[in-house]
Each structure stands twice: as C-alpha cells, then as structure tokens.
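Here's the structure we're looking at; comments come further down.
The values are calculated or read from the model by the stated rules, or taken from the named source; none is laboratory data. Note that the structure is predicted; figures quoted are calculated from it, not measured. Using ideal geometry, Cβ is built from the backbone for each residue, glycine included, and neighbour counts are taken over all protein chains shown.
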Amino acid sequence: MARAWKSPVVARDNAPTPTAKQQSLPFAEPASLTGPLPPAKISLTPTAVTRLWFCIWLPNLPLEACRSSEAALAIVEEQHGIHRVLQADSVASAAGIMPGQSSNAALALLPTLTLEERSLVREQQVLERLATWLERFSSFVSIAGKDVLLLEIAGSLRLFGGLPHLRKTVSKGLRAQGFSAAMAIAPTPLAATWLARADRRVCIRAQENLGPVLRKLPLGCLDWPAGQRESLIAMGISSLGDCLRLPRDGFARRFGTERLLEIDRALGRLPDPRDSWRAPERFCADYEMTEEQSECALLLHICQELLLSHEQFLLARQLGTQRLYFSFFHLKSAATELQLGSAIADRSQKRWFDLLKIRFEALRLPEPVIAVRLRSGLSQPLQVDNAHLCFHAEGGKQQRRYSIAQLAERLAARIGEQSVSAISMVAEHRPEYAWKLQNPLSDWASNTLTTKSCVKRPLWMLPEPALLPADSGYPLYKGSRLTLLDGPERLETGWWDEQNISRDYYMAADGAGLRLWVFRNRQRTPNWYLHGIFG
Amino acid sequence: MSLEKLLENPRVWRGSSQVGARAGLASGYPKLDRCLPGGGWPFDALTEILIDQYGIGELRLLMPALAQLSREETQTHCSGSAEPGWIAWVAPPFQPYAPALQQCGIDLSRVLIVRPKDDSELLWSAEQALSSGTCAAVLLWPVTLDDQASRRLQLAAEKGHSWAIAFRPLSARQQPSAAALRLELQSTRQGTRVHILKSRGGRPAVLDSLL
C-alpha cells in the first residue's frame, strides 16, 4: 500500500509553499523578531481555495480498539516496569478504577476485572480501518498521530447536504461502530486537531474567526512535551493566547522553533501539508477469536461479517472482484485455504455467501479454528448490466433466477472448476484438436468460427481412438464385422508439431444399425481404430 | 351452448389432446410429433430415453429440437429475456464433439458441459441447471435414477421452465418414473425404432424406423 504524499494546498501560484530552508528561517523579517506576533499574514495563505478540516479525535481508542465483550475491562500499559491502568470502561470506573493505578490495585478493587495489554498495532489497524471507512466522505483523509483522523471536507459539503448533516452522519457512523469521538472543524488541520482535543465542539469556517478561538485554548490540548508545558505554566502562561503575546525570538530560543512553527501552521500563516491516506487496493481482513471454534454456524457467521466489510470496502470504490481467498488458521496444523471464484466481478455479500455455503459443506477442517482471514483478488470495475423490464406478471411465469455465469460458478463451487466447461471450435483438420474446452468462469468467448465441412462428423467422440480387431482387412466391433458405408476421407496433416497423422476415415455400420466413425492408420501399422459414434 | 364452448370447459377431459396443454417443441420428425400430445416434445418436463447402447440415434433424435432451442429465444421464457437458452450436458458418456454439434445447427456458445464425480453430484448439478431458468435443456446420463430423483428433476424442470432429458438403460423400463414422456429406442437393421412407453396426455405408440 502506497501512501501518496499529496498536499492539500492548491493555490501554489499565489502562495508558493516554503521550502524546508525557508521554514527554518521564519524570523528573517525584523518586524516579526521584536514585537508581539503580527496579525495573520494573508499573503501566505491560499485565498483562492478555502480548506475546511474535520478532525476526529478518538480519546478512548485503546479501550475501544480492544474487541472484547467483557463487562469490566481495563487497558494496562507498562510504565517503568509496572503495569498501570491506562483506561477503564464504565463498569470498571464505577468500581473506582482510575487511570494510573497499578494493575494489582485495580484487581484488588474489582477481582472480576479483565486486564488487557495495550496494543499500538491494533490501534493503528483500527485507525486505518476507520480511515478507509471515512474515505466515503472525502477524497482526502489523513491519519495524524495515534488517535486523530483528519478529513478535508470543503469539497464534500454539497454532496452530503451541508456541514451539520455531514457531521451528524459521521458521528452516527462512528457511534454505530462503537467509537466515541470528539470532533471539531477549522480551516487549518492543526487548529481542528487542537479544538477537538480541547473538546470544543466548534465549527469555524472563516480564517479570521480562528485567532480569537485559538487564543482561548488551554495548553493542555496541545500535543507538546509535558516538560515544556509545565515550564510554560510555571511562567504563568496557561493558554495559547498567552503564548502568542510572547516575543517570537525569545519563545523560539526557549522552546525551539518547532513549537513556533506549529502555532503559525495552526493559525494558517504557514501551509500545513498532510499525508493522504490511501486504502490498500485489495481487501484483507482478519477475524481473531478468543478461543478455538469448530462450530460451522459460528464460522459461517464470522465469514459473513468479513464478507460484509468486504462489500463495503468495494462499494466505496465501485469495484468488484472475481476471486476471494479465505484462510482458516489453526493452532497446530497449517491453515486451511478456501478459494472462491465468480464468473463476473462481484461484491455482493449475499452472492459470495451463497457460494461460500456450498463450498463450506465439503470443507474438512483438521482442527478447530482460531482465526479467519479474508483476502480479495484483483479488483476490477463492476460490470453493470441493465435489468430487464419485465411486465410479465403471470404467476407461473417466473423470471430467470440467475444468469448462466452464476449457474456456472455455483456448479464450479460444488464440483470443482475443472468439471464445468464450455466448448468451442478450433481451426484444425485433425479431429482431436478441432475443438477445445474452455473455462466458463474466465471467458465466455463467442464461437465465431464456423467450418463449412461437407463431411459428416460424429456427435460422440471417444477420448482416445480405440483399437479395433480386424478380420481379413475389415474392422470388427463387438465381434461383428463392420460394413463401410462412406469414405474414405483422408486426413494427412500435423507434420509441424510431431503429432502428424495420416488416416483414412470411414463411416461404418455394425449389424445392429449402429453408425461408427472408424479410421485406418496409414502410418506404421495399418490398424483400424474407432474414433467416434454418430449417436 | 355450442360444442366448442362445452369442450373448453376445463372439467371436460379428452384423452388424446389435453385441453390447455401448451404446444410442444417440434421434434423435427413429423411422424413423432403426431404421436406426442401438443405436437412435440413436452417442455417444462422430464423426458426419459431408454437405450441399450450409446449411439443408436438418441442424439440425432434430439438434435433438431436442441438446435432450435440454442438458436432462438423460446416463447416459454420470460418475455423480457431476449437470450436463447443454454444446453447443459451433465455427465455425458463420451465427449460431445463440437464440429458435429455445429453441423447439427447448435450454437456452441450456448453449450455447457458438466462432469460431476458421482451420481449425487450429478443430480444436484442437473437440478441446479434446471431450476436456474437459464438452461433451455439439460441432458443427463445418470447411473441410477430412482422414482424420487425423477420426481425432483420433474419439479425442477417445471420450476425453471426447462426441458430435462435423462438417458437410461433399458433395464429401467420396469422402474416407476415421474417423467412426462418415456421413450425406448432400439436399433434395428431398418433404422431406429422409437417406442413411446409413457406419454402424459398421450398414448403409447411404436414408430418403426423413425431415424
């Protein structure tokens, strides 16, 4: 998965993005070195396009990322060799468990408490999943830090029916997925982040309104090192407005230019390019279980959930896939793989689930399953067919339930892909190469080739020519001598690929009236062979 | 009340031509059509063809009707679907030979060949194909086909408006079957003799040297 580095700043002509060198020397202008911070410099902000950043801060991410159904749960983190409670759910909090307590103290308060180690990997996965989900609201989603997601929504407002509606939709969606979030909207990403962290549920659309609101923010909501924050507070500076009143050079000397640049970016004086999150092209999701399971119904239910998220993943991209790979992991033996194929690119959970059910019946799991993984094959644009307008409402006349492609994939899912085939002609004189089997799942190639052969061919072809015994030059079939009705048709070809043939073909009839297609080999030994039955 | 009106009454049953029976699918053999109710192969139903060995003309008998099915849209399908139906071959004993099928007028791009591993898979595949509504005809060569299985096929054919054709050995003649039409084929020196054993709404008949 490649992350495209994309800057949201568009109006580059009017406002050139400062290079790294320029950024390191923001104090070149003597006016800004001395007195208090000057009012917002309009020249550096893109005026042509207004940006609006929607920040989602997930304060309870460590707790919510943990997929546990336990009633009393606390997330612990190791600090200086001691496991301390980082977050506790409502049941645990009610029992008096507070963040910062040691795990032993927490267990003493509530013996039924479940302690779960914090997993940053898991939190990152959850963030990525949410970012993927948020891509439906904006073309520009960014993961900023451990628990912050940013969306650029200026272009999405009209589509989603205005800011209040968009906000409501996002928050409802997050709640439905079990996340509590603080949200804020501001013209710069950093300002939006700080406002969200301060839990100011504000929405600032104009750049000029940003300053007064930011000035009131306490220092606690800035993601600055604790030491710096403490020394600022010791200096009597408790809000961002106090910071802004300090001389720039002195502030930079004490706390580093980085802090100063941050304030400038938040106020929109400097551009703040962000990385755009790009969801991977292929879907891959795991479902891990807390204990091994072997019950089919439960496993199917898990697969269905995975298929549902797979459908949502493809829906956002208007894509479908032809292949799905399930892996069922076991504790001891190697994972059991299951591959599903579809004739046409599809994403519908229902159809994939139907196919899976057919295959699942025949699946033999050597051991109980501990985790399930679903990977999708190459995604392709969905082929959309027009539905038929069927005004036929007679009860008995039923619509065709599914297309031939669906039928072929159903059959292939149950009895194997090699067992379902289509046939087509090949431009070839040798009878055994004049046709071929095709995979109906990959290509329904139209058989445009038509040969106008005046010589009759048999409807049944033997897989291999069968040697016939002969009696004084005439072939015998089941003991009786064959009468040659028609022929010979001489086929002498194939010298180019070592499979050359030289045969005289006849239509023959046996005593009971059966019509056979026989040939006499003209190479090596002149034996008679049965090659087909006219049926 | 005229006689015609009286005969339209559904309570009046006439043996030779079922009132309200749909027209059959012309078999391409006028002699046979005359003996079949509806003037052709019964659609939406199971047809059984009993043969003592493969290749005595059982395919030749069906080819004109199958060619017609694969080429043109059948009236029995939903009026919105402009596609001709498919012809599924389930477990054929040999390879259906593409050039010969084309010579008989069958559109090869409408042929689906299914090779199940055993009889239970065969019946499942045939049932799926029949009830899908996509296949105009399903040809199957079961090793055994009991009464219950034939009934299932018959129901699936009705559901999907499809034509099921099962090829069975002569020994199956004594077994009961739910098929709407049962034919017995025997090859003689003069040609293939077709014996109509059972015909729903029709009468048994023997047709000498039909093919």
message = Of the residues A:Gly178, A:Gly155, only one is under 28 Å from A:Thr290 (Cα atoms), within 26 Å of the chain's Cα centre (by Cα) and in a loop (DSSP other than H, G, I, E, B); which?
response = A:Gly178
ask   = From the set of residues in region A:518-535 that are of a type in the set (D, E, K, R) and surrounded by fewer than 19 Cβ atoms within 10 Å (Cβ to Cβ), which is farthest from the other protein chains (Cβ to nearest Cβ)?
value = A:Arg524
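Here's the yes/no breakdown for (1) part of a helix (DSSP H, G or I); (2) at pLDDT below 85; (3) in the same structural domain as A:Cys296 (by TED's automatic domain parsing):
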{"site": "A:Lys332", "(1), (2), (3)": "no, no, yes"}
{"site": "A:Ala343", "(1), (2), (3)": "no, yes, yes"}
{"site": "A:Phe353", "(1), (2), (3)": "yes, no, yes"}
{"site": "A:Lys357", "(1), (2), (3)": "yes, no, yes"}
request  = Have a look at A:Pro62, A:Pro99 and point out the one that is part of a loop (DSSP other than H, G, I, E, B), modelled with pLDDT of 85 or more and not small (Gly, Ala, Ser).
outcome  = A:Pro99
ask   = crowded, with 21+ Cβ neighbours inside 10 Å, at pLDDT 90 or above and more than 11 Å from chain A (Cβ to nearest Cβ), is that true of B:Ala179?
value = no
message = Let me spell it out: the conditions are (1) among the charged types (D, E, K, R); (2) closer than 24 Å to A:Tyr287 by Cα; (3) in contact with a helix residue (DSSP H, G or I) (Cβ under 8 Å, 6 or more places away or on another chain), and A:Arg84 meets all of them except one. Which number is the exception?
response = (2)
key: A:Ala434 out of contact with any helix residue (DSSP H, G or I) (no Cβ under 7 Å at 6 or more places or on another chain) and either at pLDDT below 85 or more than 7 Å from chain B (Cβ to nearest Cβ) (or both)   = no
key: Candidates A:Leu468, A:Leu462, A:Leu449 - the one that is at pLDDT 85 or above, more than 8 Å from chain B (Cβ to nearest Cβ) and closer than 30 Å to B:Gly57 by Cβ   = A:Leu468
query = Does region A:183-225 hold any residues that are among the charged types (D, E, K, R) and outside any loop (DSSP other than H, G, I, E, B), and which are they?
reply = A:Arg197, A:Glu208, A:Arg215
request  = Mind listing just one residue for me: the one in region B:93-104 that is in a loop (DSSP other than H, G, I, E, B) and touching a residue at least 12 places away in the same chain (Cβ under 8 Å) and, of those, surrounded by the fewest Cβ atoms within 10 Å (Cβ to Cβ)?
outcome  = B:Pro93
query = Restricted to region B:56-73, and to residues that are buried (at least 24 other Cβ atoms within 10 Å of the Cβ) and in contact with a Pro (Cβ under 9 Å, 6 or more places away or on another chain), which residue is farthest from the other protein chains (Cβ to nearest Cβ)?
reply = B:Leu69
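One line per residue, one yes/no per condition, for (1) surrounded by 21 or more Cβ atoms within 10 Å (Cβ to Cβ); (2) in the same structural domain as A:Arg259 (by TED's automatic domain parsing); (3) at pLDDT below 90; (4) more than 18 Å from A:Val148 (Cα to Cα):
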site: A:Gly178; (1), (2), (3), (4): no, yes, yes, no
site: A:Thr193; (1), (2), (3), (4): yes, yes, no, no
site: A:Ala196; (1), (2), (3), (4): yes, yes, no, no
site: A:Asn209; (1), (2), (3), (4): no, yes, yes, yes
note = Scanning region B:105-119 for residues that are free of Cβ contacts under 8 Å to residues at least 12 places away in the same chain and more than 10 Å from every other protein chain (Cβ to nearest Cβ) gives none
